[in-house]
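A short reminder: the numbers here are calculations on the coordinates, not readings from a lab. The structure displayed is predicted, hence computed values, not measured ones. Counting neighbours? That spans all protein chains shown, and the Cβs are built from the backbone with ideal geometry, glycine included.
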Amino acid sequence: MNNIISIRPVEKIFSITWMLGRRCNYDCMYCPSELHDKVSKHHDLIKLKEAWKNIHRQTGTKQMPYKISFTGGEVTANKNLLPFVSWLKNNYNVSSILITTNGSAGLKYYEKLTNYVDSISFSTHTEFMNEKVFFQKAVALNKIMIRPKKSLHVNIMDEYWAKERIKLYEKFCTKHQISFSINEINYNTKTREEILHNGQSNLEI
């Protein structure tokens, strides 16, 4: 067995994880209050651009392409996300943009995002999601976000009350060749004990 002498990155890149804000249209019981609420104001496009310019002033001398991962809150709840990522891609050396979303925005909106975003991660939240609509969007986007240049991934949240639904999600993703993972949940951060059942369990294979 050969010894590993050194490990080097394939390419030099400046990676940024950017929380756009706490505002979210869902209220998942295990999501901590510092990551979501229903009242925070969205940052407008001018403020987002100013924030980026400040980041670029401090990091641009490194002469490396940027990899930006947007998270929230719910990123698509901010109407300025689409024009902002378009502006970034058209004006700066941004090699890849990734977003994590609860999948609640419309399919046409996500289709527009695919022109500027390189990776989309949908996360299942059974308290609120319409299963059928959620996975229909995942199937449609998976046909657009073709690897290796782009990607669509489904984060299946390992909710203890939805074990049977999770098995169905796994089978569905496997059948439609959608990348997925089972994501462990830290319930120590929960904001309430009761489980809301506002979602629709209507997915079939």
Angle in degrees between helix 131-144 and the longest Cα principal axis of the chain, rounded to the nearest 10: 30
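Take 189, 101, 61, 71 and order them by how many other Cβ atoms sit within 10 Å, fewest up front. If you can, show how the numbers build up before the last one.
Numbers: 189 13, 101 23, 61 8, 71 17.
Ascending Cβ contact count within 10 Å gives the list 61, 189, 71, 101.
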Rounded to 10°, Cα long-axis angle of helix 45-59 versus longest principal axis of the chain: 50
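Tally Lys/Arg at +1 and Asp/Glu at -1 over every other residue whose Cβ is under 15 Å from the Cβ of residue 150; what's the total?
Details: positive: 67, 89, 112, 143, 147, 149; negative: 111, 118.
Overall, the nearby charge balance is +4.
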The stretch 11-67: radius of gyration over Cα atoms, expressed as a fraction of 2.2 N^0.38 Å: 1.47
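Loop-only trypsin sites (Lys or Arg not before Pro) in the stretch 64-114, please: DSSP not H, G, I, E or B, and at most 13 other Cβ atoms within 10 Å.
Counting only loop positions with at most 13 other Cβ atoms within 10 Å, the trypsin sites (Lys or Arg not before Pro) in the stretch 64-114 are 79.
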Alpha-carbon centroid distance for the pair the stretch 85-157 / the stretch 22-74, whole angstrom: 16
GNM flexibility winner over the chain from 26, 187, 116 (Cα, springs under 10 Å): 187
Pairs of lysines in the stretch 121-195 (C-alpha under 25 Å apart; 8 or more residues apart or interchain): 23
Among 75, 139, 39, residue whose mean-square fluctuation peaks in a GNM of the chain (springs only between Cα atoms under 10 Å): 39
Cysteines, the chain, no other Cys beta-carbon under 4.7 Å: 24, 173
Rounded to whole Å, sorted largest first: equivalent-ellipsoid semi-axes of the stretch 42-115, Cα gyration tensor: 22, 13, 11
Fewest-first sequence of 29, 145 by Cβ atoms within 10 Å of each Cβ: 29, 145
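Within a Cβ distance under 15 Å of residue 102, other residues only, what is the Lys/Arg minus Asp/Glu net charge?
-2
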Cut-off under 5 Å, modelled amide H: who pairs with residue 105 long-range: none
Length-normalised contact order of the chain in % [C-alpha pairs under 8 Å, at least 6 apart]: 21
Highest-fluctuation residue, 178, 156, 16 considered, GNM on the chain with Cα pairs under 10 Å: 16
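If Rh is defined by the Kirkwood formula over all Cα pairs and Rg also comes from Cα, what ratio Rg/Rh do you get for the stretch 14-189? Walk me through the numbers before you get to the answer.
On the way: Rg = 16.5 Å, Rh = 17.0 Å.
When Rh is taken as the Kirkwood radius, the ratio is 0.97.
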5 angstrom amide H check on residue 19, placed H, neighbours 5+ away: 71
Neighbourhood charge, 11 Å Cβ-Cβ cut-off, centred on residue 56 and excluding it, Lys, Arg +1 and Asp, Glu -1: +3
Value of [θ]222 nm, deg cm²/dmol, for the chain, DSSP H segments ≥ 4, -39500 (n - 2.57) each, nearest 500: -9000 deg cm²/dmol
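List the GluC sites (Glu not before Pro) within the stretch 21-84 that DSSP assigns to loop and that have no more than 15 neighbouring Cβ atoms inside 10 Å. Present the calculation step by step, with values, prior to reporting the outcome.
Numbers: sites: 34, 50, 74; in loops: 34, 74.
Here the GluC sites (Glu not before Pro) that fit, given the DSSP loop and packing criteria, are 34.
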